[in-house]
Amino acid sequence: MSSIHQSEKYGTIDLESVAGLQTALVLLDVDSGEVDGILGPKTREAIKAFQAMAGLTADGVSGPQTRAALDAALTQLAETGL
């Protein structure tokens, strides 16, 4: 499973990098604070919020399931705007 999101609308987002993760969360309207590449408390809380919305265990860890859910959500957003 790839950790790279690619779409015409958003380009390439590396979901394994902290900055890429933060960018994805911002695009999905989950407030992770400034996109600074630092995995701080605000980013972890944003990951937990996204995980809860996606029906995943809200542990604040961006593992394979979380990255796959982020990719799917970004794909849906790029295609439908919802």
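The values are calculated or read from the model by the stated rules, or taken from the named source; none is laboratory data. As the structure is a computational prediction, the values presented were derived from the model and not from experiment. Note that we place each Cβ from the backbone using ideal geometry, even for glycine, and neighbour counts take in every protein chain shown.
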Item checked: Odd one out for Glu8, checked against (1) under 17 Å from Gly81 (Cα atoms); (2) surrounded by 16 or more Cβ atoms within 10 Å (Cβ to Cβ); (3) modelled with pLDDT under 95 -> (2)
Checklist line | Of all residues making up the stretch 27-41, the number that are surrounded by 15 or more Cβ atoms within 10 Å (Cβ to Cβ) and not small (Gly, Ala, Ser) | finding: 5
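Conditions tested, residue by residue: (1) in contact (Cβ under 8 Å) with a residue 60 or more places away in the chain; (2) under 13 Å from Thr66 (Cα atoms); (3) among the acidic types (Asp, Glu).
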site: Ile13; (1), (2), (3): yes, no, no
site: Glu16; (1), (2), (3): no, yes, yes
site: Ala24; (1), (2), (3): no, yes, no
site: Leu28; (1), (2), (3): no, no, no
site: Val35; (1), (2), (3): no, no, no
site: Leu39; (1), (2), (3): no, no, no
site: Arg44; (1), (2), (3): no, yes, no
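Condition check ((1) touching a Gly at 6+ places or on another chain (Cβ under 9 Å); (2) charged (D, E, K, R); (3) surrounded by 15 or more Cβ atoms within 10 Å (Cβ to Cβ)) across all residues:
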residue	(1), (2), (3)
Ile4	yes, no, no
Gln22	yes, no, yes
Leu25	no, no, yes
Gln51	yes, no, yes
Ala72	no, no, no
Gln76	no, no, no
Glu79	no, yes, no
Next item on the list: Output the residue which, of all residues in the stretch 54-70 that are closer than 15 Å to Ser17 by Cα and β-branched (Val, Ile, Thr), is nearest to the chain's Cα centre (by Cα).
Entry: Thr66
